[in-house]
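Worksheet: the structure to be examined is printed underneath.
The values are calculated or read from the model by the stated rules, or taken from the named source; none is laboratory data. Owing to the predicted nature of the structure, the values given are computational and were not obtained by experimental measurement. All Cβ positions, glycine included, derive from the backbone under ideal geometry; neighbour counts span all protein chains shown. Protein only, heavy atoms only, side chains kept; ligands, DNA and RNA dropped before computing areas. Shrake-Rupley method; radii C 1.70, N 1.55, O 1.52, S 1.80 Å.
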Amino acid sequence: GAALAAGSVWVAAALSVLAPLAWVVRSRFDLREQATALREIRRTAVSVGVDPVPSSSPVAWFWILAVLLLAGLVAAVLRSVRRGRGERVTVLVLVLATAVAAVAWLTDLHVLGRWWLVGVGMVAAVVPVPASGRPARLVARLSAAMLLVLVALGPDGRAGVVLGATLAVVLVVTMRDADPPAVVEPSALVAWAAFWWIAPLLAVAPAVIEREPGLRDRLALLAVAVLVGAVTVGVLALLRRRGGAVGPIVLLAASLVATVIVVRPALERVEAVEADVSRVERALLDEFPDCYGAATMLALLDGETCDNPELEGTINREPDSPVPDYEPFSECWSQPHETELNLCRRGGPEDAPRVLVLGDSHARVLIGAFDRLADHGVISLAAATKASCGWSARSIETPNDPPRSPACDRWRDGIATWLERHGDDVDLIVTTAYTRRMAGPRPEKVQGLVDVWEPVVRSGIPVIAITDNPSLPEDTDPCLARSDGQWSRCDVRRAELPRRFDAHRVAAARVDGAHLVDTRPMFCRRGVCPAVIGGVSVYRDHNHVSATYAATMAAFLHREILWTGVLHPAEE
């Protein structure tokens, strides 16, 4: 009947938007952002599955309207085929079945729980409408507009879901005439098509504009979705007039196949990254006791707890030991007044990704983490670091030791010369530094990083900028020495940390081909920065991370770098 044909048209309209969006997602975003967006698109395309869908997900909002409208169309078909008591019994059985399945919604919008909407939609579809015509069309248009605005503004929580469902029920009730077979109000169809567009648009927007969309962004997306939705309705209506239900069904099949073709390779890479991350983490974490050092913070980052009673009250070294927790990596290090570039090769397989670590003493600390990755065959490592001298075009401030600044500039010239000659031997540059040393106001500090990164990125070498570790008000060792094993007495609240501007964060957002790895989750949690984590003293002084703790960060750094997409995951 007319309702069945209309249903095929608008389902086709929904899936016709997914393939181009999937292509944009696949080609534009960082891998972790891509993973989320691609899964949203796949869930929308398939429309069924066993994965829970949070109520704030665009996919959940798609279900609120799409399933309600489908339910109305199905019920309209039933009304046109089975009149009287038989129809009522059929609808009643379907409503009861979906009401039982709705119990799952009490915990989450699981696939079974989402079918409660079908029951509501069927009830709405068989509710008599006393008067069709202009009043019903007006209400339909208003409810469609309110629903689209609600979705665009991104309401959170169950209250928003219920409000959206209520508006959708009103839309189902008023979008048809009282007599079957359900003549759908055109504005409702445009709203439906726009709704299909806005769900994936909202999913991919943050990665396109590189920030969370604000009110103005969401309203612009809404306008685009409505415009394209209207065009989609017109095109598919033309297809339907020329080929009945055949044209939309063919488009439906073609869109689904195109979506699968486009999405599948990217999802396969996502799954390969997840497998490689898991494999490397197991190998790295097995070298230490459970929950040792940064492994504790890594578990918390995954929403898990990591407790090892054997580490309770222990520490990797005596706080009053005269030997600092320090690995000099002297072959990779230039002293404050040295100008020569001491670039070392730390090892790793020849066919592994070739990583170059550049920066000051804070970068030198992290060599220990990358060393472990090289030992496990994950990367091939080289490094060059210098005291008080980050990789930048901006001079450093050394008022108490003026010769350090020109020595730093000459060392940086050596980096530029080396990269011109050996850039083909580098697949990735990793850098960090204590940016307080950079001279000038904040914009100039950022520009100093941009000026040295951009030529390298243009030559084909991506840059990973690692945020600097928090600096403490004072050294922790004296406090730990007198704490009698109660290490938490030496913890520092995040609010008490000296405020430092990290230019790497801003520069990474400005340079296309540079990526940021934020290490803050490895040092602080719930507003507190512990002095000892997983039986390891985190700092060797007030601003340098201990060598032991840095080494335990290897799994975290590998995971975060791999998720940027700059390196391909290793095959098993």
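Observations on the model:
- Pairwise label distance in nanometres, VAL257 with ASP475, each label 7 Å out on the Cα-Cβ vector: 7.1
- Inter-label distance, nm, simple model (7 Å from Cα along the C-beta direction), ARG134/VAL457: 5.8
- Gain in span if fully extended, ASP30 to ARG264, counting 0.36 nm per residue against the direct Cα distance: 82.6 nm
- Net length gained if the chain between ALA439 and GLU212 were fully extended (0.36 nm per residue, minus Cα distance): 78.5 nm
- Using a probe of 1.4 angstrom and keeping all protein chains present, the accessible surface of segment 249-373 works out to 51 square angstrom per residue.
- Annotation for ARG241 and ALA495: the two label points, set 7 Å from Cα along the Cα-Cβ direction, are 6.6 nm apart.
- Per atom type, segment 231-390 shows carbon and sulfur on 54% of its accessible surface, probed at 1.4 Å.
- Prolate/oblate/rounded label for segment 422-557 (Cα gyration tensor, a/c 1.5): prolate
- Förster radius 45 Å - calculated FRET efficiency between LEU163 and GLU271, Cβ distance, rounded to 0.05: 0.80
- Taking segment 526-554 and a reference point 7 angstrom along Cα→Cβ of LEU301, the backbone N atoms nearer than 12 Å belong to 552-554.
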